[in-house]
1. Find out how many positive minus negative residues lie around B:V179, taking Lys and Arg as positive, Asp and Glu as negative, among other residues whose Cβ is under 11 Å from that of B:V179.
2. Just need the Rg to Rh number for segment A:106-219, please, alpha carbons only, Kirkwood Rh.
3. I'd like the distance between the alpha-carbon centres of segment B:269-330 and segment A:42-58, rounded to an integer number of Å.
4. May I ask you to sort A:K61, A:K146, B:K302 by Cβ crowding, counting other Cβ atoms within 10 Å and putting the fewest first?
5. With a point put 7 Å past each Cα toward its Cβ, work out how far B:S49 is from B:V256 in nm, to one decimal.
6. Are there GluC sites (Glu not before Pro) in segment A:85-186 that DSSP puts in a loop and that have at most 11 other Cβ atoms within 10 Å, and which ones?
7. Which FRET efficiency, nearest 0.05, do A:A220 and B:E71 yield, Cβ-Cβ r, R0 51 Å?
8. Kindly provide log₁₀ I(q)/I(0) values, in the same order as q = 0.11, 0.14, 0.17, 0.26 Å⁻¹, from the Debye equation applied to equal alpha-carbon scatterers of segment B:200-275.
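Derivation of every value follows stated rules applied to the coordinates shown; laboratory data play no part. Quick caveat, the model's predicted, so the values are computed rather than measured. Neighbour counts run over all protein chains shown; Cβ positions are idealised from the backbone, glycine included.
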Amino acid sequence: MTAEFTVEVFQNEYLSEGADEVNAIVTITSDGAPVPAAAGSTAAEVIIVDCSGSMRYPPTKLSAAKHATAAAIDTLRDGVAFAVVSGTDRASMVYPHHHGLVVADERTRAEAKQAVSRLSADGGTAMGQWLTVADQLFADHEGGLKHAILLTDGQNQHEAPTQLARILGSVTDRFTCDCRGVGTDWQVAELRKIAEALLGTVDIVADPQGLTEDFRAMTAAAMDKAVADVKLRVWTPEGATVKFVKQAAPVLFDVTDRRTESGPRTGEYPTGAWGSESRDYHVCVQVRPANVGEKMLAGRVSLVAGGEVLGQGKILAVWTEDSSLSTRISSEVAHYTGQAELAEVIRDGLEARKSGDVETATAKLGRAMVLATESGNEDTAKLLAKVVDVVDPAHGTVRLKARVADADEMALDTRSTVTKRVGRA
Amino acid sequence: MSTCPDCSTPISEGDRFCEECGRNLLVRRTPVGGPDGSIAAACVCGSVSIDAEGFCERCGRAQPSGRERMEFVLPPVAGISDVGRRRQRNEDSMAFGVVADHGVVAVVCDGVASSERAEQASQAAADAAAEVLLDAAVDGRDAERATVDAVAEASVVVAQLAGGEPQEVAPSCTFVSAVITDETATIGWVGDSRAYWLAGNGSRTPSRRLTKDDTWAAQLVDDGVITEAEAKTDHRAHVLSRWLGADAGLVVPHVVTVHPEESGLFLLCSDGLWNYLQEVEDLAAVMPADVPPVAVAGALTKVALESGGHDNITVVVVPFPPRERGAGER
């Protein structure tokens with residue numbers, strides 16, 4: 001019953017005398033078979049389509065959004081509860097017409113697509129309102145997976161950032177949401193904030209034609225999630241503190257601040273819903289050093305859903321005088337430390353570039369190129385190559401390109417957190 | 001002049017106890033509580049909550065445990081208990097002792113994996129039973145009767161380990177014992193830990209298994225429901241029909257006494273060994289010849305480990321007759 005999730009811990013447990021920081025990569029793999037808690041409960045899906053005025057230009061944008069939404073509707077399995085919402089400075093029901101979800105079947109899917117085809121664009125953008133309505137729609141849905149897709153092409157202009165932050169705070173952990181930005185007039189940081197709060201992905205779809213396949217894939221992935229609301233529970237010994245817990249693969253995502261206390265020296269971090277997939281987490285614990293020769297359980301990591309423990313792993317610490325043991329760095333920890341730095345230097349480099357600080361931008365993006373190349377993160381290296389000209393990849397000597405397409409810069413920004421999975425022998 | 005092995009106080013020949021420390025000078029035995037003396041101690045931080053894997057639930061410190069690989073040699077008897085390759089803990093235990101001029105007593109217990117604190121159950125049972133058997137051997141009492149008493153005592157101490165857990169997961173274990181003198185060997189068992197007689201070269205008493213598993217599969221074979229061959233692969237092969245524990249009540253062991261005519265070895269083991277070496281022929285095929293008992297135990301344990309080590313492995317080897325091999329003897 002608990003065999004669906006496997007938890008593996010990769011670390012160098014050996015510490016030198018007095019050392020107090022324990023790092024581990026925790027790999028969690030799910031075979032996607034539903035656990036009893038999730039069986040019998042059905043999924044719910046809300047698709048939010050930006051219908052602000054800007055969606056009219058170019059006209060392909062709205063028509064692509066309609067096609068993509070139709071494809072997503074077609075991907076919904078029979079029995080899934082769903083709704084389509086149009087987003088402007090408020091959120092209105094597209095389908096069904098009443099405020100609620102309907103069960104997907106041949107008839108409702110056809111009706112929904114009809115309604116979507118009649119969508120027109122006019123008005124502002126207030127994403128917090130959209131999410132509030134999604135939350136209300138999900139509220140009546142008992143158990144099961146709750147997933148939303150949010151498509152936008154612009155910035156959250158008709159709502160104060162504090163307003164959006166407040167709404168995110170109230171809907172977080174209630175459903176998951178994948179966000180897509182179409183075109184180049186939206187803000188990466190804004191959409192990332194929403195995606196992270198709602199444990200979803202964020203990506204750019206620069207060419208509206210690409211939307212259909214993306215929507216289909218997103219919906220299919222959501223349909224495949226077998227276990228909703230999974231938490232990473234971390235126990236640490238007395239005197240220890242969790243320095244951070246980050247999802248390290250497939251996408252970097254710091255969940256340190258998302259901890260909720262769940263028992264003595266125990267906290268839980270949200271991981272969202274799981275299908276058949278594998279993720280890596282980087283856990284860093286600061287402990288009270290013990291004597292040389294002593295061994296300590298520095299952390300116990302459990303995956304829990306619905307009060308049931310699905311898998312467990314141990315983070316250990318052993319203090320030794322043997323420096324050949326303690327100076328060894330776990331290749332997994334090293335790899336993801338590098339990937340985290342990669343994301344950071346890309347972000348810093350792009351910010352410096354925007355503010356006209358060529359020197360910093362060149363240094364940071366050069367460093368990023370080294371990290372991407374060394375770690376085999378070819379996707380990121382390719383994205384970087386659209387922003388900088390590489391003079392010497394090994395030494396990170398680059399020149400900023402004079403002309404960079406907005407879409408390329410935004411793609412680099414958006415995907416900077418996509419990590420290369422650590423290679424294992 | 002000889003001295004007490006514990007406190008080095010000089011002792012006279014014929015002394016049964018050391019005048020200084022009270023040690024029984026006739027009896028040598030494995031340490032009570034296992035290799036580290038105690039398996040349920042409090043952590044140095046003061047907490048008494050130790051989790052199933054031996055970590056303090058408060059400060060995280062690993063509790064000392066030599067249980068992963070226990071190796072005792074008390075000539076002529078030797079035993080090895082190994083955690084194996086798959087299990088987190090070694091829930092098998094062994095206890096044995098030698099009574100000067102009276103022979104050898106040995107016990108192997110296998111903690112039931114589905115029960116709580118199984119390693120405490122097996123250790124407590126083995127220690128308690130060995131104590132009863134050693135006392136009886138010192139006093140020259142009947143070995144079969146002593147075996148029944150030993151199991152009764154082991155039942156009580158294991159039942160006392162039960163705490164707040166549901167009865168079906170109360171600490172429990174299997175049991176196999178041997179009391180071996182120059183003439184006879186008395187074997188007692190409950191559950192699926194086994195004893196074998198392995199004849200030396202040219203012995204007229206053929207090698208054979210001395211115990212019959214208390215498992216549902218074995219019972220079905222007896223009742224003619226399934227064949228011996230089917231039983232080996234049956235999923236009930238390891239489902240015990242009898243064990244020691246709070247949910248088992250007072251248990252009476254099966255007891256047999258054998259009178260080998262020639263020299264050989266007695267082998268007590270847990271299923272972690274016999275899973276891979278079922279029959280005496282299988283054992284004979286991998287046993288090194290003309291090596292001390294500890295080397296025999298080591299070789300058999302190695303085979304089980306190399307075959308996968310899916311369970312804890314415990315092997316106790318007692319030569320028959322139970323004497324140390326002196327110089328010049330082969």
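1. Spelling it out: positives minus negatives among the neighbours equals 0.
2. We get a ratio of 0.96 for segment A:106-219.
3. 72 Å
4. In order of increasing Cβ crowding within 10 Å: B:K302, A:K61, A:K146.
5. It works out to 4.8 nm between the two label points.
6. Here the sparse-neighbourhood loop sites are A:E142.
7. 0.35
8. Ignoring solvent entirely, the Cα scatterers give -0.40, -0.63, -0.87, -1.22.
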